[in-house]
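Written below as structure tokens is the structure these notes are about.
No lab work stands behind these numbers, since they all come straight from the coordinates. In this text the structure is predicted, and so the values were computed from the model without any measurement. Counting neighbours? That spans all protein chains shown, and the Cβs are built from the backbone with ideal geometry, glycine included.
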Amino acid sequence: MNDIVEKKTKIYLSSPHMGGSEKEFINEAFDTNWIAPLGLNVNNFEKELSDYVGSEGGVCLSSGTAAIHMALKAVGVKTGDLVFCSSLTFSASCNPIIYENAIPVFIDSEKESWNMCPKALEKAFIWAEEEKKLPKAVIVVHLYGQPANMDKILEICNKYNVPIIEDAAESLGAIYKNKQTGTFGEYGIFSFNGNKIITTSGGGMLVSDNLERLEKVRFWSTQARENERHYEHKELGYNYRMSNIVAGIGRGQLRVLEERIERKKWIYDYYKEAFKDIKDIQMQPICDDRKSNYWLSCITLNEKSKIKPLDIIIALEKENIEARNIWKPMHMQPYYKDFKFFKLGEKSISEEIFENGLCLPSDSKNTEEDMERVVKIIRELFE
Ligand SMILES: *Cc1c(COP(=O)(O)O)cnc(C)c1O
């Protein structure tokens with residue numbers, strides 16, 4: 001027997017996709033010996049990204065998670081405070097709430113966009129009002145690149161005078177009514193982790209119109225060192241800043257963001273067309289009044305479908321193709337199961353999406369042949 005099995009070319013869920021100019025910015029850093037700390041690439045990446053999204057300023061940080069942590073500190077979240085957060089998300093959205101010893105309260109999704117349900121949010125606020133303890137912040141996630149229903153969410157949060165932190169880690173470049181995600185709340189955060197729409201190998205940014213608070217975040221994230229000759233610390237510090245090399249990758253990546261969004265949309269449309277006659281498959285709905293960045297193309301299967309999400313994931317895996325489950329909602333996670341969760345009706349929408357959904361390979365490097373390969377395997381399961 002010949003045990004050398006030729007492996008088919010791997011198709012990724014979403015992998016780093018360099019544009020070409022990244023190395024020039026890195027070389028610039030080498031040539032000027034601005035390897036670390038901070039430096040021109042960091043300053044320029046902050047300026048270029050905040051200009052792009054339409055925010056007054058930004059702070060480059062070591063991760064999107066660090067950016068959420070700093071945003072929570074910036075709005076003044078302290079021990080015992082409540083923070084509302086979308087349940088259907090990656091754990092990094094809410095872990096920083098625990099870092100500050102605050103208490104997360106999870107909000108269910110709406111069917112229309114899979115994002116935070118404004119009506120469930122309202123329900124949580126009514127409960128909080130009765131308890132005489134309003135949240136210090138609401139973390140709204142723009143899932144898989146699609147903006148949440150910001151008009152309604154803003155209206156509710158403004159009514160209670162509670163600031164919004166937008167977790168736009170997955171939605172860089174997405175637009176809700178002519179405005180970029182990340183610029184609706186008091187603070188917005190982006191991630192440049194390896195599988196995001198653009199990547200710096202790892203990193204994040206906090207954006208805001210409040211330049212004074214951003215200055216404070218710069219201070220905290222560089223160890224909170226006071227302006228003295230010796231090392232003087234009046235506050236707790238963090239080592240959260242981005243290196244000048246990493247920021248150089250980000251500057252190059254920002255130049256191809258629009259191209260990436262276009263390609264991701266092509267992928268979404270490709271699947272939509274390819275599965276339109278399979279009644280058991282629905283694409284993640286994209287609302288008419290918003291523009292997704294289509295970071296990941298996701299589908300749900302009818303509850304009664306004989307084929308389950310795992311069947312598809314395994315069938316693809318056998319062919320060296322990467323797909324994955326929808327984020328498991330935070331209120332279902334063993335670590336978070338004892339925290340409060342608000343949903344509208346009997347059934348939790350986020351649970352349903354988790355149980356019936358999956359993320360399809362959405363790599364911006366995918367060719368037409370790659371897409372054909374994926375579609376063929378999935379279609380065969382339904383025949
Ligand atoms: C990736 C991600 C984060 C965390 O970003 P990191 O840069 O990996 O720390 C936060 N929230 C969501 C929704 C994400 O997808």
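Below is a table of values for the structure above.
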quantity	calculated
Most mobile of Glu170, Glu129, Glu226 in a GNM of the chain (Cα contacts under 10 Å)	Glu226
In sequence order, calculated HN-Hα J values of segment 259-269 (Karplus, 6.51, -1.76, 1.60; Hz; x Gly/Pro)	4, 5, 4, 4, 5, 5, 5, 4, 5, 4, 5
Summed residue charge, Cβ within 14 Å of Ile165's Cβ, Lys/Arg positive, Asp/Glu negative	-3
Convex hull volume per residue in cubic angstrom - Cα atoms of segment 235-319	240
Derived scalar couplings ³J(HN,Hα) [segment 70-77; Karplus, 6.51 cos²θ - 1.76 cosθ + 1.60; whole Hz; x for Gly, Pro]	5, 5, 5, 5, 5, 7, x, 5
Relative intensity, log₁₀ I(q)/I(0), of segment 37-166 from a Debye sum that treats every alpha carbon as a point, q = 0.13, 0.17, 0.18, 0.19 Å⁻¹	-0.57, -0.93, -1.02, -1.11
In Hz, Karplus ³J(HN,Hα) per residue of segment 82-98 (6.51, -1.76, 1.60; θ = phi - 60°; x = Gly, Pro)	8, 9, 7, 8, 4, 7, 7, 6, 7, 4, 5, 5, 10, 3, x, 4, 5
Under 5 Å, built H, 5+ apart or other chain: amide partners of Ile103	Gly80, Asp81, Leu82, Val83
Mean ellipticity per residue at 222 nm, deg cm²/dmol - from DSSP H runs of n ≥ 4 across the chain, formula -39500 (n - 2.57)	-11000 deg cm²/dmol
Paired Rg and Dmax values of segment 87-126, which use every Cα atom, in angstrom	11.3, 33
Above-threshold pairs, the threshold being 25 Å between Cα atoms, out of Lys196/Lys365; Lys159/Lys328; Lys159/Lys265; Lys10/Lys196; Lys23/Lys196; Lys123/Lys347	Lys159/Lys328; Lys159/Lys265
Radius, Kirkwood style, for segment 132-214 when every pair of distinct Cα atoms is counted (Å)	13.2
Of Lys78/Lys234; Lys279/Lys340; Lys111/Lys264, those spanning more than 25 Å from alpha-carbon to alpha-carbon	Lys279/Lys340
Highest-fluctuation residue, Gly204, Gly345, Gly252 considered, GNM on the chain with Cα pairs under 10 Å	Gly345
Viscosity 0.692 mPa s, 37 °C: Kirkwood-radius Stokes-Einstein D of segment 257-382 over Cα pairs, µm²/s	208
Beta bridges per DSSP with both ends in segment 106-193, % antiparallel, nearest 5	30
Antiparallel %, DSSP beta bridges [both residues in the chain], to 5	55
Spatial separation of Cα centroids for segment 174-204 and segment 30-53, in angstrom	17
Cβ-defined net charge surrounding Glu100, 14 Å radius [Lys, Arg +1; Asp, Glu -1]	+1
Radius of gyration and maximum dimension Dmax of the chain, Cα, Å	21.4, 73
